[in-house]
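The values are calculated or read from the model by the stated rules, or taken from the named source; none is laboratory data. Just so it is clear, the structure is predicted and the values come from calculations on it, not from any experiment. Using ideal geometry, Cβ is built from the backbone for each residue, glycine included, and neighbour counts are taken over all protein chains shown.
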Amino acid sequence: MKPKHYDVLIVGGGISGTALFYELAKYTNARSLCLLEKYESLSPLNSKGTSNSQTIHIGDIETNYTLEKAKVTKRTAKMVERFCLQYGLEDKIMFSHQKMALGVGEKEVRFIENRYHEFKELFPYLELWDVEKLKALEPKVVYADKAQTKVRSEPIIAMGTATQYTTVDFGAMSEALADEAQKASDATTDIFYQSQVDKIEELKDKTFRVVTTKGDEYTANFVVVDAGAHSLFLAHQMGYGTHMGCLPMAGSFYMTDAHFLNGKVYMVQNNKLPFAALHGDPDILAEGKTRFGPTALMLPKLERFKPGTYLDFLKTLNFDTKIIKIFWDLLKDSDIRNYVFKNFLFEVPLINKKLFVQDARKIVPSLSVDEITYAQGFGGVRPQVLDKEKEKLMLGEASINPGNGLIFNMTPSPGATSCLGNAERDLHVIVDFLDLTFDEAQFTKDLIEE
Ligand SMILES: Cc1cc2nc3c(=O)[nH]c(=O)nc-3n(C[C@H](O)[C@H](O)[C@H](O)COP(=O)(O)OP(=O)(O)OC[C@H]3O[C@@H](n4cnc5c(N)ncnc54)[C@H](O)[C@@H]3O)c2cc1C
């Protein structure tokens, strides 16, 4: 039987794949779209609500973002907000919490004050909160004792807001994206579950054959692989992205028994450690209990809480002397070395909680070991990309576009926030390549903030 043919086939039903599926269905004249997902539901891995920090990273309290970067992230983060508002998903899957970046100690206090003045124009809603204000808004960050009688000894200040949407269940959002895609278009919008793509081949007529491990076959004019770390795995199979390797950085969380913090409290970040955004915030999927984390630990597998993928890890790491050199350069830095070692210990039973609490006390000085437990089943894996040509760890997302009708995307944090922006980038490539039309006016009206 001839395989079913599509204009565009997307591999991976996480937030990245469903965002592209939605944009193509709603705003282009593509006549047939297909989404292939390995597991039995959408977003079973990193986009699942319990796998990530649920934060819309707009750039206002992310202290590792420059103003230039924040201008870009603001645009894409607002697309998430506008999508949710368009379909009435506020207070269902998107929530508004108070949020802040907290500076602790003289140096960080000065940093936050300067940053507040620099970022105020881009984010006019930002406020500067001193100790007195913080006593009312988030008392646990102020006091050194549980009775809240003694203010912590170091100076503190925060920049923050209580007026913005901050939090999304990205797993639920991916379901909404897929649903709305299917409602928005009379084109074919097929989604097939339990369809693990095993092989992609370019055919003589410049289309692609996609084969699953079950032996099902599909053909398409354009294929986008949004399969997390497996995007690089499939790219390598086809001879693309061979200058890259993937380093899976797992992130875990610790949870309090009850409501603890009123909103998101992020800290001043170390620019050398892009995945080290330790914070505390209410978890929207755990009855508002506060989560602290994530930690960062290299894991020799590509998928958390799923069997296997050790061999896929080895293949995707693309190990050679250049990878050794990247690791060596990273570990030469004492900040990074200590961080890696400490995060390894955060996963070791019996000592993990004690050590983690020491770090989390920078946020809540009175936090005690008995107030938190390791959040079993929470967390995910960030597919950090190693660039062997530049001999560097890439700090953000990576996309391979050989220009022949294929795209492979790897999306570590904040990939969920940038899902609609990344999809827009790919949509333009697809529209040009397949000579489709794009309803830019409607797209802008719906998704782009003026
Ligand atoms: C601890 C942690 C905290 C984070 N916090 C945030 C945050 O607060 N805000 C934020 O914006 N981002 C955050 N992120 C990042 C965010 O979770 C990811 O960037 C995002 O979920 C990536 O989405 P994705 O669709 O690209 O990948 P995934 O969600 O990993 O989806 C990939 C999909 O592809 C499927 N797949 C894989 N291989 C195949 C195959 N061969 N065939 C078919 N399907 C396949 C998988 O089953 C999966 O459904 C965090 C990540 C972690 C780990």
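Output the number of the condition that residue 119 fails; it satisfies all remaining conditions of (1) under 26 Å from the mean Cα position of the chain (by Cα); (2) free of Cβ contacts under 8 Å to residues at least 12 places away in the same chain.
Failing condition for residue 119: (2).
Within segment 250-261, count every residue that is away from the ligand (no atom under 14 Å from the Cβ) and surrounded by 18 or more Cβ atoms within 10 Å (Cβ to Cβ).
Residues in segment 250-261 being away from the ligand (no atom under 14 Å from the Cβ) and surrounded by 18 or more Cβ atoms within 10 Å (Cβ to Cβ): 3 in total.
For segment 34-72, which positions are within 9 Å of the ligand (Cβ to nearest atom) and farther than 30 Å from residue 4 by Cα?
If the condition is that a residue be within 9 Å of the ligand (Cβ to nearest atom) and farther than 30 Å from residue 4 by Cα, then 51, 52, 53, 54, 55, 56, 57 are the ones that fit.
Within segment 137-192, count every residue that is aliphatic (A, V, I, L, M) and within 16 Å of the ligand (Cβ to nearest atom).
Residues meeting the conditions: 8.
How about segment 152-211: which of its residues are more than 17 Å from residue 416 (Cβ to Cβ), in contact with a Leu (Cβ under 7 Å, 6 or more places away or on another chain) and part of a loop (DSSP other than H, G, I, E, B)?
187, 195
Any idea which residue in segment 390-410 is nearest to residue 436 (Cα to Cα), counting only those that are assigned to a loop (DSSP other than H, G, I, E, B) and modelled with pLDDT of 95 or more?
Among those residues, the one meeting the criterion is 405.
Just checking, does segment 269-285 include any residue being surrounded by fewer than 23 Cβ atoms within 10 Å (Cβ to Cβ) and either of a type in the set (Ser, Thr, Tyr) or over 30 Å from residue 349 (Cα atoms) (or both)?
No, segment 269-285 has no match at all.
Please specify each residue of segment 346-370 satisfying the condition of being assigned to a helix (DSSP H, G or I) and not charged (D, E, K, R).
Result: 352, 355, 356, 357, 358, 360, 369.
Can you confirm whether segment 266-279 contains a residue that is of a type in the set (S, T, N, Q), within 13 Å of the ligand (Cβ to nearest atom) and either in contact with a strand residue (DSSP E or B) (Cβ under 6 Å, 6 or more places away or on another chain) or part of a loop (DSSP other than H, G, I, E, B) (or both)?
Taking every residue of segment 266-279 in turn, none turns out to be of a type in the set (S, T, N, Q), within 13 Å of the ligand (Cβ to nearest atom) and either in contact with a strand residue (DSSP E or B) (Cβ under 6 Å, 6 or more places away or on another chain) or part of a loop (DSSP other than H, G, I, E, B) (or both).
For segment 90-119, enumerate the residues that are in contact with a Phe, Trp or Tyr (Cβ under 8 Å, 6 or more places away or on another chain) and crowded, with 20+ Cβ neighbours inside 10 Å.
If the condition is that a residue be in contact with a Phe, Trp or Tyr (Cβ under 8 Å, 6 or more places away or on another chain) and crowded, with 20+ Cβ neighbours inside 10 Å, then 94, 99, 100, 101, 102, 103 are the ones that fit.
Among the residues of segment 172-194, what is the count of those that are surrounded by 21 or more Cβ atoms within 10 Å (Cβ to Cβ) and within 15 Å of residue 9 (Cα to Cα)?
Selection size over segment 172-194: 3.
Contact list please: Cβ distance under 8 Å, first residue in segment 298-318 and farther than 15 Å from residue 237 by Cβ, second residue part of a helix (DSSP H, G or I) and β-branched (Val, Ile, Thr), pairs at least six apart or on different chains.
298/340
Residue by residue through segment 378-412, note down the ones that are away from the ligand (no atom under 14 Å from the Cβ) and of a type in the set (S, T, N, Q).
Selection gives 401, 404.
Restrict the check to segment 413-421 and report whether at least one residue is away from the ligand (no atom under 12 Å from the Cβ) and either of a type outside the set (Val, Ile, Thr) or not in a loop (DSSP other than H, G, I, E, B) (or both).
no
Among the residues of segment 304-324, write down those that are of a type outside the set (Phe, Trp, Tyr), out of contact with any strand residue (DSSP E or B) (no Cβ under 7 Å at 6 or more places or on another chain) and within 15 Å of the ligand (Cβ to nearest atom).
306, 307, 308, 309, 311, 312, 315
Return the residues of segment 206-249 that are within 11 Å of the ligand (Cβ to nearest atom), under 24 Å from residue 393 (Cα atoms) and among the polar types (S, T, N, Q); say none if nothing qualifies.
231, 237
How many of the residues in segment 159-173 are over 30 Å from residue 116 (Cα atoms) and touching a Lys or Arg at 6+ places or on another chain (Cβ under 9 Å)?
Adding up the residues that qualify gives 2.
Name every residue in segment 86-116 that is without any contact (Cβ under 8 Å) to a residue 40 or more places away in the chain and outside any loop (DSSP other than H, G, I, E, B), in order of residue number.
If the condition is that a residue be without any contact (Cβ under 8 Å) to a residue 40 or more places away in the chain and outside any loop (DSSP other than H, G, I, E, B), then 107, 110, 114 are the ones that fit.
Which of the residues that make up segment 292-303 are at negative phi and near the ligand (Cβ under 10 Å from one of its atoms)?
Residues satisfying the conditions are 294, 295, 296, 302, 303.
This table checks each residue for (1) part of a loop (DSSP other than H, G, I, E, B); (2) touching a residue at least 12 places away in the same chain (Cβ under 8 Å); (3) surrounded by fewer than 21 Cβ atoms within 10 Å (Cβ to Cβ); (4) of a type in the set (Val, Ile, Thr).
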{"position": "6", "(1), (2), (3), (4)": "no, yes, no, no"}
{"position": "18", "(1), (2), (3), (4)": "no, yes, no, yes"}
{"position": "21", "(1), (2), (3), (4)": "no, yes, no, no"}
{"position": "35", "(1), (2), (3), (4)": "no, yes, no, no"}
{"position": "39", "(1), (2), (3), (4)": "yes, yes, yes, no"}
{"position": "48", "(1), (2), (3), (4)": "yes, yes, no, no"}
{"position": "60", "(1), (2), (3), (4)": "yes, yes, no, no"}
{"position": "71", "(1), (2), (3), (4)": "no, yes, yes, no"}
